[in-house]
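Student: Take this structure first; my questions come after.
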Amino acid sequence: MLRDFVKNIGYDDPLEICLSELEALLQYNYRISKRSAALLLLQEDPEMFELVRKNEAERAEKIFSIIEKIKPHYSYPLAYIISERRQREASRIAAAVTTVGKKGSLGIKEALSRAMMNPFIGGPILLAVMYYGLYKFVGNFGAGVVVDFLEDKVFDQHLNPVFIDVVNRFVPYPVLRDLIAGDYGILTLGFRYAFAIVLPIVATFFFAFAIIEDSGYLPRLAMLVDQIFKKIGLSGRAVIPLVLGLGCSTMATMVTRTLPTKRERIIATFLLALAIPCSAQMGVILALLESRPLGLIIWLSVIVGVFMIVGFLASKIMPGELPSFYMEIPPLRFPQPSNVLRKTWSRMKWYFLEVLPLFMLASVLIWVGKITGVFGFLVRLLEHPVRWIGLPSESAVAFLFGFFRRDYGAAGLYDLKTQGLLNGNQLVVACVTLTLFLPCIAQLLMNIKERGMRVGVAMSVFILFFSFGTGWLVYVALNLLGLNL
């Protein structure tokens, strides 16, 4: 019986014709069937490509041209088409040769696993994960307790006075003193933001994310949101880069390569740049709105609303088929402490090696901008839209910081709050606008690298105007409703 099933395994006509042509051209003995070798070529297996170049010299060009000609027949990569067809055939064979007995009682792990993917029960579980994992642990503990201790006790009371005193004693040039320990100095601003504000938030987020990841919850979350994501042109698979965007959107943009179609990759990149705050930015925003629960609800509602509406419109504008989705669900388990610590440490190491130097570089760029007058010009330019959405002129600096680093801008708002320059309504408007504001330089460069110059720049121009437009709508709505947060 199994032999009969194997004989019936096949693909649609264009793919079968292509396979026949490739089998006829392959002459070398690859120690596997010619059909298997042809399938590896269609899936663009690099080792198979190299063997064909080496052993089919006279026919290699024609073989590769056949592969290129078949690609336009499909909206998805050929590797995805082949894998999906195999999965369907495997399910058909399994259904035909297996008998399902009477269901026994589910174990605790299996019952919890199914509950996580159930649209009615999975939603509250997701909210609980976000509340305790992000809001309470990252927001309250990381961005609250730890940041307050490092910012007030360590830096303001001890380190910054020492930095300023040492620099004033041993650096004779005012310009260099300003670079090292001035208002925007490498030590007093860059070093302080990186270690006192951003590091605790990033560390607590990476720790919480490692626990969620190691438990096997992410694939179940992908299954839970698949139907919702299809409304915005994505599949449940996109939850992986989007959740990673809560850690670092630059890294998450690279992970969009795993999405099967160009359409999905563009939509996911756009949503990452527009409506997904990185962990440090989100943590600071949670700290800013910690004592204003209604303001936090408004901020979250606006960001989620923008994510869904813009994603829906993008899916209607961009051509292409609806995404399909399948994923293997690993067993649910208790997170292994060694795995959690190892993953947290590897991401923290990445932060120190890749991100920390950017804070130092940002201080240098701001210093150069102040000397040349460019920084002041850009601040004055941003003061107009900032006042337009009801914020004080001083917040323009925070938005300019946000272009260097998103978390840099959020930390700038944190400084303004501690100085008493922002009331409740202004905090909500500022948080909404800054969350939707331009992606940081690193993410902008990654967008251009992954999606091309035209798409990357077009996204940023749209986001710039859209962010201030949305901020203005929130500002007007709060005034019309008479809310005083």
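Student: At 222 nm, what helix-only mean residue ellipticity would the chain give, in deg cm²/dmol to the nearest 500, using -39500 (n - 2.57) for each DSSP H run of four or more?
Tutor: It comes out at -21000 deg cm²/dmol, rounded to the nearest 500.
Student: For Lys34, which lysines qualify as cross-link partners when the Cα separation must be under 17 Å and same-chain residues fewer than eight apart are set aside?
Tutor: Partners within reach: Lys7, Lys54, Lys62.
Student: Considering every Cα-Cα pair within region 2-97, what fraction, in whole percent, is farther apart than 21 Å?
Tutor: The proportion of pairs with Cα distances above 21 Å equals 35 percent.
Student: Among all the aspartates and glutamates, which ones have a C-alpha under 18 Å from Lys230's C-alpha, if same-chain residues fewer than 8 places away are not counted?
Tutor: Glu84, Glu264, Glu321
Student: Using a/c under 1.5 as the rounded threshold, could you call region 255-351 rounded, prolate or oblate? The axes a ≥ b ≥ c are square roots of the C-alpha gyration tensor eigenvalues, and prolate needs a/b larger than b/c, oblate otherwise.
Tutor: Because a/c hits 1.5 or more and a/b fails to exceed b/c, region 255-351 counts as oblate.
Student: Also: Stokes-Einstein D for the chain at 4 °C, 1.567 mPa s, Kirkwood Rh over Cα pairs, in µm²/s?
Tutor: For these conditions, the coefficient is 51 µm²/s.
Student: With unit charges on the beta carbons (Lys and Arg positive, Asp and Glu negative) and the dipole taken about the Cα centre of region 122-480, which residue among Leu480, Gly456, Thr433 sits farthest to the positive side?
Tutor: Gly456
Student: Kindly express, to the nearest 10 degrees and within the range 0 to 90, the angle between helix 108-117's C-alpha long axis and the longest C-alpha principal axis of the chain.
Tutor: With both axes taken from Cα atoms, the answer is about 80 degrees.
Student: Which of Lys349/Lys370; Lys69/Lys262; Lys417/Lys449 have a Cα-Cα distance over 27 Å?
Tutor: Violating the 27 Å limit, Cα to Cα: Lys349/Lys370; Lys417/Lys449.
Student: Between helix 337-350 and the chain, what is the angle of the helix's C-alpha long axis to the longest principal axis, kept within 0 to 90° and rounded to the nearest 10?
Tutor: Around 60 degrees separate the two axes.
Student: While we're looking at this one, here's another question. Select from His73, Ser91, Gly139 the residue farthest towards the positive end of the dipole of the chain; place +1 on Cβ of Lys and Arg, -1 on Cβ of Asp and Glu, and compute about the Cα centre.
Tutor: Ser91
Student: State, as an integer percentage, the relative contact order of the chain based on alpha-carbon contacts under 8 Å between residues 6 or more apart.
Tutor: Reported relative contact order: 15 percent.
Student: At a 10 Å Cβ-Cβ cut-off, how would you order Thr261, Thr418, fewest neighbours first?
Tutor: So the ranking, lowest neighbour count to highest, is Thr418, Thr261.
Student: Under a point-charge model restricted to the Cβ atoms of Lys and Arg (+1) and Asp and Glu (-1), what is the dipole moment magnitude of the chain relative to its Cα centre, in debye to the nearest 20?
Tutor: About 800 debye.
Student: How far is helix 453-480 tilted, in degrees, relative to the longest principal axis of the Cα atoms in the chain, given as a value from 0 to 90 rounded to the nearest 10?
Tutor: 50 degrees
Read the figures in this text as sums done on the coordinates, not as results from a lab. In this text the structure is predicted, and so the values were computed from the model without any measurement. Cβ: placed from backbone, ideal geometry, glycine included. Neighbour counts: every protein chain shown.
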